[in-house]
Structure formats: C-alpha cells, structure tokens
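Below is one structure, written out as structure tokens; the observations come after it.
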Amino acid sequence: MYKRVYFLLVCSFLIAGTGYYMGCASAESTTGKLAFQQKDYIKAEAELKKGLLVDQTDDEGWYMLGVSQTELGKYDDAQRSFQKSLTISKNFADPIRSYWIEKYNAGAKDFQNGIDAETKKDKAGAKSFYEAALNSFIASSVIFPDSLRSFSAMGETYLALGQNDKAIDILNDIASKSNSPKDAERVAKVLFQSGLNLMQGGNYPSSIATFKKVLSLPSLPKNDPYYETAAYNLALALGKQGEEMRTKDDKSDYQVKFTEALQYLEPMTTSLTKKDLEPQIYELLVSVYANLGMTDKAQDALKKKDELKKN
C-alpha cells in the first residue's frame, strides 16, 4: 500500500465523570435511564422513546437517547436527539462534548493501530482497524455535526481504506467551509493523484475532468504546486486525447484538443513558480504547436527547451 501523509491530530482529553439525575419521570423514562446506565442500549432506546412521548422537555432523556442511538448505529436519529437536548437546555452540553471526545479518541487510536498494521504488512488487520476508526469518527461527527476535525478524520480514513471518491467528497466539503488553502491543497492532492491514475490508464476524458476539478478549487492558490502540475497534466491529457483522435481519423477535429491545451500551457510560460516543470512545458508546447500547424512557434519552443536542458 502506497505511503500516505495523514493529517489526523490524535488528541488526549481528560473526561470527567458525569452524574445523572432522575426527577419526576414516567415509568418508561425511569426504566430507560436505568437500562442506559447498564449499557443496555436497545432497551434504553425503546423505553426512552416511550417516556419522551410523555415529557418532550426531558433534556436528560434526549441526551441518553442520543447516546443509545449512536451506540446502535442509528446516526441520523442520534443527531436529532442530541440537538433536541441542547435546544431544551445546555445542562448536558458537557456530557455530550465528553462523549464526542470519547468517540474521536477511539477513532484516533484505531487509526494509529491501522497504520502500525500496515507497517507490519498486515493488510487485513489494517483494514479492520481503519473500519473501526471510521465508525468512531462517523459517530463523533453525529455528536458535533459542525466539527471539521471529525469530518477531516473521516476523509483521511476513507483514503486509508482506498475509498477515494468518498474521501474527496468530504475533503471538498471541508475546503468549501473553511476557505483554507491548506484544506484545498489536501483535496487537490487526492484529485491530482486520481487524475494521474486515470491518464496512465488511458482514460483521457475522465483525467481531464479530474484535473479541471483541481483548477476549480476556490481556495487553491494559482501558484500552489498542485495547481501548476494539474494545469500541465491537464494540457498533457488533452494532447494525448488529441493524438489519439488524429491517429484514428486525421480528418477529425483533433486540433480542438490541442487548442484547449494551449490555454493552459501558454500562461505558464510567464507565470510559472514551479521552475522544474519548465522543460516539460516547452517540450509539450513543441508537440502542441506542431499539431496546430504553428511551425515558427514550435521551433521557438524547441529552442527554449534545449536552452533549459543546458542550464
């Protein structure tokens, strides 16, 4: 499995014990809260739901119901229950936060165990740990839906599991919310690698679309290395598609692809910051200009390429 850079921040927290109170409540609520303390979450959920039909202002009942539903994997229901508790009062804000910490830390521990298993070439073990980590991170994202940390951890775990499409969706959403160039670069990195894989497999239309996604990331600076390399590889994929079209039918509109490639290549000859790309850009320009019948420009690009190789 290829090397990856993980951005997980494994946090340590001291979780204070939380006492529960039971005031005047229905028999169902009392039964549900007792079941909750005994960690019988199936019974707790069933009884608490009955009790909350009688008293919908029971903030403790909604909190316990949220935890029970989370433990049972009923995440949408759990999110609504936590929100209901917090809407009624902030009495259980601290226990909810402690529960988030518990789930996040459990995910971080399993994620690290997954990395360790990978190091030992234990692919099955790594997959099992990553799947456990993902469940914990999903749970933490339910408890605090606005926590970018939980969603970031989910994205990194999807990457570790090889589920790139899901990772991209999450990381892209994070980038749009945070407006952070760093978050945008994380998305660009995943998209860029995906675009390279598609191009190497000969799927030029999909690779072109993927590289364009990199360039359209709103928070990614144009002088970012991933922006510039994506622009170059986009032009390369367009050139390869044009060559493929010309080979199959020299009367096709293959020149359209080379013309589009120029739109990305020519600006880079004056604005490039990643200078090690320059020789490759001019080498590609030689081919693009030649295919467009622009002989003089092709010769100039060839001279520039040779000069760069000497230096």
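The values are calculated or read from the model by the stated rules, or taken from the named source; none is laboratory data. Everything quoted here is computed from the prediction, not taken from an experiment. When we count neighbours, we look across all protein chains shown, and the Cβ atoms used for this are built from the backbone with ideal geometry, even at glycine. What goes into the accessible areas is simple: the full protein's heavy atoms, side chains included, and nothing from ligands, DNA or RNA. Shrake-Rupley method; radii C 1.70, N 1.55, O 1.52, S 1.80 Å.
Where the only charges are on Cβ atoms (+1 Lys, Arg; -1 Asp, Glu), what is the dipole of the chain about its Cα centre, to the nearest 20 debye?
Working: 40 positive and 41 negative charges, 122 e Å.
That gives a dipole near 580 debye.
With the charge dipole of segment 22-179 set up from +1 on Lys and Arg Cβ and -1 on Asp and Glu Cβ about the Cα centre, the Cα lying farthest toward the positive end among the listed residues 141, 85, 108 is that of 108. Residues in the chain average 53 Å² of solvent-accessible surface per residue, probe 1.4 Å, ligands and nucleic acids excluded.
Phi angles of segment 67-75 translate, via the Karplus equation with coefficients 6.51, -1.76, 1.60 and θ = phi - 60°, into HN-Hα couplings of 5, 4, 5, 5, 5, 8, x, 9, 5 Hz per residue; Gly and Pro are given as x. What's the angle, to the nearest 10 degrees (0 to 90), between helix 93-119's Cα axis and the longest principal axis of the chain? Approximately 50 degrees, to the nearest ten. Checking the cross-link pairs 189/212; 84/166; 177/213; 177/222; 275/303 against a 21 Å limit on the alpha carbon distance flags 84/166 as lying beyond it. For segment 80-184, the set of trypsin sites (Lys or Arg not before Pro) satisfying both a DSSP loop assignment and a count of at most 13 other C-beta atoms within 10 Å is given as 90, 120, 121.
Checking every one of the trypsin sites (Lys or Arg not before Pro) in segment 233-279 against DSSP loop status and a limit of 15 other Cβ atoms within 10 Å picks out 251.
How large, in percent, is the carbon and sulfur part of the accessible surface of the chain at a probe radius of 1.4 Å?
Working: 8360 of 16520 Å².
Result for the chain: 51 percent of the exposed heavy-atom area is carbon or sulfur.
Cα gyration tensor of segment 167-311, axes a ≥ b ≥ c as square roots of the eigenvalues: rounded (a/c below 1.5), prolate (a/b > b/c) or oblate? Oblate, since a/c reaches 1.5 and b/c is not below a/b.
Please give the calculated 222 nm ellipticity per residue for the chain, where each DSSP H segment of at least 4 residues contributes -39500 (n - 2.57) and the sum is spread over every residue; nearest 500 deg cm²/dmol? Display every interim value, and only then the final one.
Values: 14 runs with 231 residues, N = 311.
Mean residue ellipticity, 222 nm, calculated: -25000 deg cm²/dmol.
May I ask for the Rg/Rh ratio of the chain, computed from Cα atoms with Rh as the Kirkwood radius, given to two decimals? Don't jump to the answer; show the numbers that get you there.
On the way: Rg = 27.2 Å, Rh = 23.1 Å.
That ratio equals 1.18.
Each of 238, 273, 217 was placed along the dipole of segment 175-311 (beta-carbon charges, centred on the mean Cα), and the one lying farthest toward the positive end is 217.
Straight-line reach from residue 182: taking Cα to Cα under 18 Å and skipping same-chain neighbours fewer than 8 places apart, the aspartates and glutamates in range are 156, 169, 173, 224, 228.
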